[in-house]
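The values are calculated or read from the model by the stated rules, or taken from the named source; none is laboratory data. All figures in this text were calculated on a predicted structure; none of them were measured in a lab. FYI the Cβ positions are ideal-geometry reconstructions off the backbone, even for glycines, and counts take in every protein chain you see. We work out accessible area using only protein heavy atoms, side chains counted, and drop any ligands, DNA or RNA first. Shrake-Rupley method; radii C 1.70, N 1.55, O 1.52, S 1.80 Å.
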Amino acid sequence: MAGIRQVISTLTQDGKELMGPNVLAYHYPDNTIMNGSLLTVESNHFAVLKSRGAIMDVYETGQYTIKTPDRPIIGTFQQAFFGGNSPWQYEVIYINRAKLILEVEGIAYSREMAEMGYHVSCYVHVDTKDDALRLVQHMPMAGHYVTMKEVDAYAGPVIEQSINKIVQLTELERVNEKMPDIIELVKDHLQDFLSVYGLTLNDVKALVFPKDERMKELISLRAFGLSELDAVRYYTAMVMAQRGIVSAPNMAVGKPYYIGNPQMSLDAAGGTVNGPTK
């Protein structure tokens, strides 16, 4: 309608916000932005205005009238070369400045080459207008969105290298003792890497664990003070008990179980484990 200026916003016509918790950047998909358009920036966003690839300005919260030195192509020139449609003259890229979650999972190997899984969760955000500028300049944008999954893919190798640097030199049972060192190393390496993209690292939470369920249970038994042999014996006894095998207690205490023999099987303290068979 003539006389009504175009409003550029991250809200849809029904009021739905397009930049959810998984969206770091959003490229406004309209190619008709021109002088006089109204640019709306929400309280948790930055907006970057570009013209033919060159960055013209970075906006904080508020509503702005776009004023640029260029004018839209009009008349016969536009009709002849662009079929009546204006080319990409001005672009707006919205940057999410709220705290977002970066999550990476992977595999590391202990000193014994035991397979260890890890899960790292980080809170990141874009702090300043200069950081928003760095993000637009250095983060590739395929399509109209940069999602946190794409950021996860960038950060993955950095986190993997940091964790393996410590885990590969640590015995399986002592990995948890090294968690403070692992978290600090991940923080240092990750912040240096993310700062190139204008991202500030707020906090890091990490979990490293044996991938094999059997190893998890054996380590748990060792935590009770059992020797390696006793831990294996008790683990085997638990598996036997789950399957209803009556000789499970004998396995736990390391005593034989007799079948078809009146000899009695004794536990380590000399008590009866199973009576004579009939």
Scan region 218-255 for residues that are touching a strand residue (DSSP E or B) at 6+ places or on another chain (Cβ under 8 Å), β-branched (Val, Ile, Thr) and at pLDDT 75 or above and report the count.
-> 2
Report, ordered by the first and then the second residue, all pairs with beta carbons closer than 7 Å, sequence separation of six or more or different chains, a first member in region 229-256 that is outside any helix (DSSP H, G or I), and a second member that is crowded, with 16+ Cβ neighbours inside 10 Å.
-> SER247/MET240; GLY254/ARG233; LYS255/SER265; LYS255/VAL273; PRO256/ASN250; PRO256/SER265
Inspect all residues belonging to region 205-221 and state whether any of them is touching a helix residue (DSSP H, G or I) at 6+ places or on another chain (Cβ under 7 Å), assigned to a helix (DSSP H, G or I) and of a type in the set (Ser, Thr, Tyr).
-> no
Only one of (1) over 30 Å from VAL126 (Cα atoms); (2) part of a helix (DSSP H, G or I); (3) modelled with pLDDT of 75 or more is not met by ASP192, so which one is it?
-> (1)
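Scanning for something open to solvent by less than 20 Å² (accessible area, probe 1.4 Å) and either modelled with pLDDT of 50 or more or over 18 Å from HIS27 (Cα atoms) (or both), does region 81-91 turn up at least one residue?
Here is the first cut: in region 81-91, the ones open to solvent by less than 20 Å² (accessible area, probe 1.4 Å) are 89-90.
Those still in the list that are either modelled with pLDDT of 50 or more or over 18 Å from HIS27 (Cα atoms) (or both) too: 89-90.
Yes, because at least one residue in region 81-91 is open to solvent by less than 20 Å² (accessible area, probe 1.4 Å) and either modelled with pLDDT of 50 or more or over 18 Å from HIS27 (Cα atoms) (or both).
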Failed condition for TYR94, given (1) modelled with pLDDT of 90 or more; (2) over 28 Å from the mean Cα position of the chain (by Cα); (3) open to solvent by less than 10 Å² (accessible area, probe 1.4 Å); (4) hydroxyl-bearing (Ser, Thr, Tyr), with all others met?
-> (2)
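Here is a yes/no grid of residues against (1) of a type in the set (Gly, Ala, Ser); (2) without any contact (Cβ under 8 Å) to a residue 12 or more places away in the chain; (3) more than 27 Å from PRO210 (Cα to Cα):
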{"residue": "MET139", "(1), (2), (3)": "no, no, yes"}
{"residue": "PRO157", "(1), (2), (3)": "no, yes, no"}
{"residue": "VAL186", "(1), (2), (3)": "no, no, no"}
{"residue": "HIS189", "(1), (2), (3)": "no, no, no"}
Inspect region 63-73 for any residue being modelled with pLDDT of 95 or more, in contact with a Leu (Cβ under 6 Å, 6 or more places away or on another chain) and part of a strand (DSSP E or B) and give the result as yes or no.
-> no
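Out of region 25-62, which residues are in a loop (DSSP other than H, G, I, E, B), hydroxyl-bearing (Ser, Thr, Tyr) and within 31 Å of the chain's Cα centre (by Cα)? Break it down into steps so the answer makes sense when it comes.
Narrowing region 25-62 to residues in a loop (DSSP other than H, G, I, E, B): 28-37, 42-44, 52-53, 60-61.
The next check asks that each one be hydroxyl-bearing (Ser, Thr, Tyr); those that pass are 28, 32, 37, 43, 61.
If the condition is that a residue be in a loop (DSSP other than H, G, I, E, B), hydroxyl-bearing (Ser, Thr, Tyr) and within 31 Å of the chain's Cα centre (by Cα), then TYR28, SER43, THR61 are the ones that fit.
Conditions (1) among the β-branched types (Val, Ile, Thr); (2) open to solvent by 80 Å² or more (accessible area, probe 1.4 Å), marked per residue:
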residue	(1), (2)
VAL136	yes, no
LYS149	no, yes
ASN164	no, no
LEU169	no, yes
LYS178	no, no
HIS189	no, no
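Here are MET19, MET34: which of them is of a type in the set (A, V, I, L, M, F, W, C) and open to solvent by 40 Å² or more (accessible area, probe 1.4 Å)? If you could, list the steps in order and put the result at the bottom.
Working: MET19 fails: open to solvent by 40 Å² or more (accessible area, probe 1.4 Å).
Residue meeting the stated conditions: MET34.
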Name the pairs whose Cβ atoms lie under 9 Å apart, with the first residue in region 105-117 and outside any strand (DSSP E or B), the second hydrophobic (A, V, I, L, M, F, W, C) and open to solvent by less than 60 Å² (accessible area, probe 1.4 Å), and 6 or more positions between them or separate chains?
-> SER110/MET116; SER110/VAL167; SER110/LEU172; SER110/VAL175; ARG111/VAL167; ARG111/LEU172; GLU112/LEU172; ALA114/LEU172
